[in-house]
Structures are given as structure tokens and as C-alpha cells.
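Engineer: Please see the structure below; I have some questions.
Only the coordinates and a few stated rules stand behind these numbers; no lab work does. From a predicted model like this one, the values you see are computed outputs, not experimental measurements. Cβ coordinates were reconstructed from backbone atoms using ideal geometry, including for glycine residues, and neighbour counts include every protein chain displayed.
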Amino acid sequence: LWNRDGTLLKTLEGHQDWVHGVAFSPDSRIIASASRDKNVKLWSRDGKLLKTLKGHKAAVFGVAFSPDYKIIASASRDKTVKLWNINGDLRTTLKGHSDEVWGVSFSPDSQTIASASSDKKVILWNKGRILSLDPLSYACNWVDNYLKNNPTISSEEQRLCNK
């Protein structure tokens, strides 16, 4: 961990292989790390290991917290995305990619998960279901919905995606 001026604050050690990804919880109190050792580790800001999330069958490349702080998602070489409760219990495994999954991200409302894979696809998931295998059309609909329903967007900007 580093502060803004580049001073090293803490080194988190505990994985048995390369660390591929890291993410802060929305409240910045927990750090999740994803590793080639097939595990996700949860750490406190002071460097204490809180929990090891085991379940992937291959390297874990990416990790993300949902903005509502209820779910942790992990992306793996085993072609899956796993969803974990914030306490570390496995909720579900999302299967839909035909190759390793490199990254995972949540929408701002925590309702949609996007996963990116070597199979040249981005899959959008909602509560474990594949929403669309046509990510471009779904993304356009999502952006349009976001612009129209976000109170911080000006009325002029809300018309950017008018169909």
C-alpha cells in the first residue's frame, strides 16, 4: 500500500504465486487481491489477512467489490466468475465464457456485472443470468438508461443517446 506522495505504507504478503489484481472495498477498509495461486485474499488496511476465498480451479486474474458492498466478484483462468458474499462465503459461479476470464466489474447500481475474456467476449450478468451475448447493444441500452435516470446528469447530456 502506498500513500499519495509515494511513501510505502504496507506490503501485503501471503499469496503463494503472482498477484494479478487488487481492489479496494467501497469504504476503503478492505483490500482484495487476486492471485495465480487460485485464491482471493481479503486484507485490512493495516495489512492483516482477514480471509482467503478458495474455490477457483486456476489462476485468479481480477477482483471487484460491488458498489453496494454486498458482493465480491473474481475472474479466473478456469473460465468462471465467482460471486462471494462480503463475509467470504461463495454465493454462485457464473459460467458462460469459453476461455479464461481476465477482468470483472460492477455497474454503479451493483445490479449488473461485466466480465471480459480471452474468448473475445464481454458478458453482462444480472443476478447470475447472462443478459446479452450482444454486449454492444446492451451497453448502449445501459448507457441510455443511466443517462436518463441519473439525477447528476444534465438534461442536455440525458439526450446524448436518444434513439
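Engineer: Run ARG36 past the list (1) on the phi < 0 side of the Ramachandran plot; (2) exposed (fewer than 15 other Cβ atoms within 10 Å of the Cβ) and report the number of the one that doesn't hold.
Structural biologist: (2)
Engineer: When the residues of region 96-108 are narrowed to those that are over 13 Å from the mean Cα position of the chain (by Cα) and surrounded by 14 or more Cβ atoms within 10 Å (Cβ to Cβ), which ends up nearest to VAL19 (Cα to Cα)?
Structural biologist: For region 96-108, the residue satisfying everything is GLU100.
Engineer: Let me ask something else about it. Regarding GLY21, is this residue assigned to a loop (DSSP other than H, G, I, E, B), touching a residue at least 24 places away in the same chain (Cβ under 8 Å) and either closer than 24 Å to ASP109 by Cβ or touching a Ser or Thr at 6+ places or on another chain (Cβ under 6 Å) (or both)? So that I can check it myself, show each step before the final result.
Structural biologist: Values: assigned to a loop (DSSP other than H, G, I, E, B): no; touching a residue at least 24 places away in the same chain (Cβ under 8 Å): yes; either closer than 24 Å to ASP109 by Cβ or touching a Ser or Thr at 6+ places or on another chain (Cβ under 6 Å) (or both): yes.
So GLY21 fails the test.
Engineer: Among the residues of region 81-94, is there at least one that is assigned to a loop (DSSP other than H, G, I, E, B), of a type outside the set (A, V, I, L, M) and in contact with an Asp or Glu (Cβ under 9 Å, 6 or more places away or on another chain)?
Structural biologist: No - not one qualifying residue is present in region 81-94.
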